[in-house]
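These notes are about the structure you will find just below.
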Amino acid sequence: MTTMDTILIVNAGSSSVKFQVFAVDGDGRLRRRIKGQVDGIGSRPHLRATGSSGEKLAERVYPIESVGDVPAALQVAADWLRDEQRITPLAVGHRVVHGGPDYDRPVLIDHSVVGRLERYAALAPLHQPHNLAPIRALLEKFPSLPQVACFDTAFHRHHDDIADFYAIPCQLHEDGVRRYGFHGLSYEYIATTLPKVAPDIATGRVIVAHLGSGASMCALLGGRSIESTMGFTALDGLPMGTRPGQIDPGVLLYLISVKGMAPAELQNFLYRDCGLKGLSGISNDMRELQTSKEPEAAFAVEYFAYRVALSAGMLAAALQGVDAFVFTAGIGENSDGIRARIADRLGWLGVALDPSENHRHSLRISRPDTTPVYVVPTDEELMIAQHTLSLLWSQRPSHPARGRAS
Ligand code: AMP
């Protein structure tokens, strides 16, 4: 392969398509070249892209009628990449939220895979159709372009049954009502990075907290996921920007039977109006809450830290002890204040942060001789690029190298 070979990563949602381009060096190293997104689909379409040093490459608005849906948004990005950046990718890696009960690893896409993934749309109706729309469009237009689906659920697919079941009639488990867990690409990235950045803990019992606008935690045992705070959907577990996290199903019955909420209204409520936003009445953004003087904001921040600490207790029980903690994602990587609040509640697990290392966002932020606590920036797109390259090369058995990050 030449240095100009590239892999395109696509993360398609309902109103935006995020994309990244990685260059593939001759030795299989992946270098991020472009980050971009087309947002405002169907409202005010907007392409933004930056280069590897954060320099602006594109910022432009499109007429609403030219970008009416997700495939059209990807087309805008692909046209810009081809015409102005001279990029024609070797392969496309897609983030797909749901791999259902079966997919425990990324898969090379063909029509039968798409058919199977369409069946899982019922398990993630807000995300799966948007993830699949650009895949289908590319498959029609460029049938020989290799496409790889990387799932948020796959990394958790080896959980024991005891972690995978709900206490409901087993037929529903057969129907797919299971505790899947999400953010799997982030946890997999952390699990594959720990041997390099923190080899002393990589084989141990590690609780990883992916704290972003979506938030969850994962119990890693020897680099494998054994438990997650998320379940059937990405609504469960920790409170998030706009999602409630763990909630008694009786509350939902109350909202339906007493408050008269219709299913679509309830879905909207649970995905968009709850969590930090609902609790504070101020914002879903942790930065805004931390700078706000309102007591409701302070309560939401403390509530978040409390629920993370409660979940750490649950995951510690799953692991039968904890050797280390890892913080990642927007809040976990950037907020020393939240990390400190959480750590204050985990003293009973041997946690004590070094305030200056925490303030500096160092790799290791715990005091010596306490339970190690790390901050490891996640990189789900790089994980997808690595999987895509590996699958691409597995189709060409003569090539010895595998994708590595630089
Ligand atoms: P993510 O979804 O991983 O991009 O994370 C988004 C969340 O991270 C939002 O709630 C942001 O407010 C939060 N975040 C980003 N930077 C900071 C920061 N410096 N302090 C607190 N929260 C932050």
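The values are calculated or read from the model by the stated rules, or taken from the named source; none is laboratory data. Since this is a predicted model, take the numbers as computed values, not measurements. Cβ coordinates were reconstructed from backbone atoms using ideal geometry, including for glycine residues, and neighbour counts include every protein chain displayed.
Can you tell me which residue in the stretch 320-335 is farthest from the ligand (Cβ to nearest atom), limited to those that are surrounded by 21 or more Cβ atoms within 10 Å (Cβ to Cβ) and not in a loop (DSSP other than H, G, I, E, B)?
Top of the filtered list is Ala324.
Pairs needed: first member in the stretch 352-367, exposed (fewer than 15 other Cβ atoms within 10 Å of the Cβ); second member anywhere, assigned to a helix (DSSP H, G or I); C-beta distance under 7 Å; at least 6 residues apart or different chains.
Matching pairs, first to second residue: His359/Asp336; Leu363/Val197.
Looking only at the stretch 126-164, which residues are touching a residue at least 12 places away in the same chain (Cβ under 8 Å) and part of a loop (DSSP other than H, G, I, E, B)?
Result: Leu126, His127, Leu145, Pro146, Asp152, Thr153, Arg157, His158, His159, Asp160.
Which one of the conditions (1) among the aliphatic types (A, V, I, L, M); (2) within 16 Å of the ligand (Cβ to nearest atom); (3) in contact with a Ser or Thr (Cβ under 9 Å, 6 or more places away or on another chain) does Ile338 fail to meet, given that it meets all the rest?
That leaves (3) as the condition not met.
For every residue, the table says whether it meets (1) away from the ligand (no atom under 16 Å from the Cβ); (2) within 30 Å of Asp104 (Cβ to Cβ); (3) among the charged types (D, E, K, R).
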site	(1), (2), (3)
Ala219	yes, yes, no
Gly231	yes, yes, no
Ile247	yes, yes, no
Val251	yes, no, no
Val258	yes, no, no
Tyr271	no, yes, no
Glu288	no, no, yes
Glu302	no, no, yes
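Would you mind finding the one in Ala317, Ala343 that is within 16 Å of the ligand (Cβ to nearest atom) and not in a loop (DSSP other than H, G, I, E, B)?
Result of the check over Ala317, Ala343: Ala343.
What number of residues within the stretch 304-314 are within 16 Å of the ligand (Cβ to nearest atom) and either closer than 11 Å to Ile338 by Cβ or without any contact (Cβ under 8 Å) to a residue 24 or more places away in the chain (or both)?
3
For the stretch 79-97, what are the residues that are within 29 Å of Val177 (Cβ to Cβ) and either aliphatic (A, V, I, L, M) or at pLDDT below 95 (or both)?
Val96, Val97
Could you please find all residues in the stretch 83-117 being under 19 Å from Ala234 (Cβ atoms) and part of a helix (DSSP H, G or I)?
Answer for the stretch 83-117, where residues must be under 19 Å from Ala234 (Cβ atoms) and part of a helix (DSSP H, G or I): just Leu117.
In the stretch 360-378, which residues are among the polar types (S, T, N, Q) and assigned to a loop (DSSP other than H, G, I, E, B)?
Ser362, Thr370, Thr371, Thr378
What is the one condition in (1) under 15 Å from Ser213 (Cα atoms); (2) assigned to a helix (DSSP H, G or I); (3) within 15 Å of the ligand (Cβ to nearest atom); (4) of a type outside the set (Phe, Trp, Tyr) that Ala297 does not satisfy?
Among (1) under 15 Å from Ser213 (Cα atoms); (2) assigned to a helix (DSSP H, G or I); (3) within 15 Å of the ligand (Cβ to nearest atom); (4) of a type outside the set (Phe, Trp, Tyr), Ala297 violates only (1).
For the stretch 80-103, enumerate the residues that are charged (D, E, K, R) and more than 16 Å from the chain's Cα centre (by Cα). So that I can check it myself, show each step before the final result.
Step one: list which residues in the stretch 80-103 are charged (D, E, K, R), which gives 82-84, 86, 95, 102.
If the condition is that a residue be charged (D, E, K, R) and more than 16 Å from the chain's Cα centre (by Cα), then Arg82, Asp83, Glu84, Arg86, Asp102 are the ones that fit.
Confirm whether Leu185 is within 16 Å of the ligand (Cβ to nearest atom) and either buried (at least 20 other Cβ atoms within 10 Å of the Cβ) or not hydroxyl-bearing (Ser, Thr, Tyr) (or both).
Values: within 16 Å of the ligand (Cβ to nearest atom): yes; either buried (at least 20 other Cβ atoms within 10 Å of the Cβ) or not hydroxyl-bearing (Ser, Thr, Tyr) (or both): yes.
So Leu185 passes the test.
Exactly one condition in (1) away from the ligand (no atom under 16 Å from the Cβ); (2) modelled with pLDDT of 95 or more is false for Gln267; which is it?
(2)
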